[in-house]
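Where a number appears in this text, it was derived from the coordinates with a stated rule and is not lab data. Note that this is a predicted model, so its numbers are computed, not measured. Neighbour counts are summed over all protein chains in view; Cβ atoms, including those assigned to glycine, are modelled from backbone coordinates with ideal geometry.
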Amino acid sequence: MGAAAWRRVALAAACLALAGCGGGEQAPAGGEYADAVPAAPCVPSQLDDPAYAAPPGASTTALGPTAAPYELQAPAGRPRGVALVIHGGGWVGVGTKQLAAMRPDAARWLARGWATANVDYRPCGQSLDDVLALHDLIRARIGPDAPIVAVGASAGAHLALMLAVLRPDSVRGVVAMAPPTDPVSLGRETVRDPATGAQTAQPPRDLAAVWRGAFGDRWLAVSPVRRAAEIRARVLLARATTDPLIPAAQLDEQRDAIRDAHGSAWVRHLELAPGPVDFPHATVAPAEHDRFVRAEDALARPWQDEPPAAPEAFPGWWGAPTG
């Protein structure tokens, strides 16, 4: 099954988690927002391929044992930095099929001359903990100077933004494709129903409930909108205009919060018109996807124009045989 189909599987995994929304035990009180969003149970969905194999030449061991699998690839020469690639799935859909779905995103960064770490994670609130742990393993091994860019789709885009919040001195760039950015506003916004063309609040409201159920007491603390002042990275936000899950306002709020906190920040928000090319939750026109890729190029430009700052060798990843 191709990457396009598995991006749909990721959305389906989120929908499975959303099926029980509106009921279940409430998360701990959140002050004035205690009743803003109900907590839905966080129900993991393991999406593994029995025939899974890492890409040719990729390492699945160079970082040592971790809580979830990963795929490490590197360009032919010394990398310009590391792209940490994070899949979606509503914080619940995890597994090797999710890794395979993100390989086209990793490939774009490999083509730019970056090493890539395409990572999985455990479900629910452990997702953020695992992404942080993998980031920290990489940063400890590559030193302080090599840039790390976090590239995420859907819930993975939320995790990428939170990585920039929690590691502001390390994460230099974020590419957030269709990110949910604030659970309270998400719970009251609307998207276009692809079946009827009407605006509906149900999918965003359900996703907000899964957010709260996944992160429990942390549900407001893991809003990258509310913590935008802590983000120092260059940020690219992008969404298909026909996205049936993530409202455009989620990206607007993130962009505006970063600009309010840092007037000179590099932050872009793209709305991509529909067409046949796969994008998180929907499809976009070829020219629109090209526009998105050019925006990624612009985000990466400061490091493309400088000598590589990554170490000459990372045993098992680059500059030496993989393992």
If the chain between residue 298 and residue 193 were fully extended at 0.36 nm per residue, the gain over the current Cα-Cα distance would be 34.5 nm
Taking every DSSP bridge whose two residues both lie in the chain, the antiparallel percent to the nearest 5 is 25 percent
Longest principal axis of the chain (C-alpha) makes with the long axis of helix 155-166 (C-alpha) an angle, in degrees to the nearest 10, of 70 degrees
Helix-only [θ] at 222 nm, the chain, -39500 (n - 2.57) per DSSP H run of 4+, per residue, nearest 500, equals -10500 deg cm²/dmol
Mean Cβ-within-10 Å packing, highest first, puts peptides 177-185, 240-248, 214-222 in the order 177-185, 240-248, 214-222
Quick shape check on segment 259-323: root eigenvalues a ≥ b ≥ c of the Cα gyration tensor, a/c under 1.5 is rounded, otherwise prolate if a/b tops b/c, else oblate, and it reads oblate
Toy charge model, Lys and Arg Cβ at +1, Asp and Glu Cβ at -1: segment 132-234 dipole around Cα centroid in debye, rounded to 20, equals 140 debye
Per the rule of 0.36 nm per residue minus the C-alpha distance, extending residue 52 to residue 259 adds in nm 70.3 nm
Once both label points are put 7 Å beyond Cα along the C-beta direction, the residue 305-residue 140 separation in nm becomes 3.6 nm
If one compares the long axis through the Cα atoms of helix 202-215 with the longest principal axis of the Cα atoms of the chain, the angle in degrees, nearest 10, works out at 60 degrees
Relative to the chain, whose Cα atoms define the longest principal axis, helix 3-18 and its Cα axis are tilted in degrees, nearest 10, by 40 degrees
One checks the Cα atoms of the chain and finds Rg and Dmax, in Å, of 18.4, 55
Projected onto the charge dipole of the chain (unit charges on the beta-carbon of Lys, Arg, Asp and Glu, signs +1, +1, -1, -1), the Cα from 222, 308, 277 with the largest positive-side position is that of 308
Simple SL model, points at 7 angstrom along Cα→Cβ for residue 76 and residue 61; separation in nm is 2.7 nm
The size of the Cβ-based charge dipole (Lys, Arg +1; Asp, Glu -1) of the chain about the Cα centre, to the nearest 20 debye, is 460 debye
If the chain between residue 202 and residue 320 were fully extended at 0.36 nm per residue, the gain over the current Cα-Cα distance would be 37.4 nm
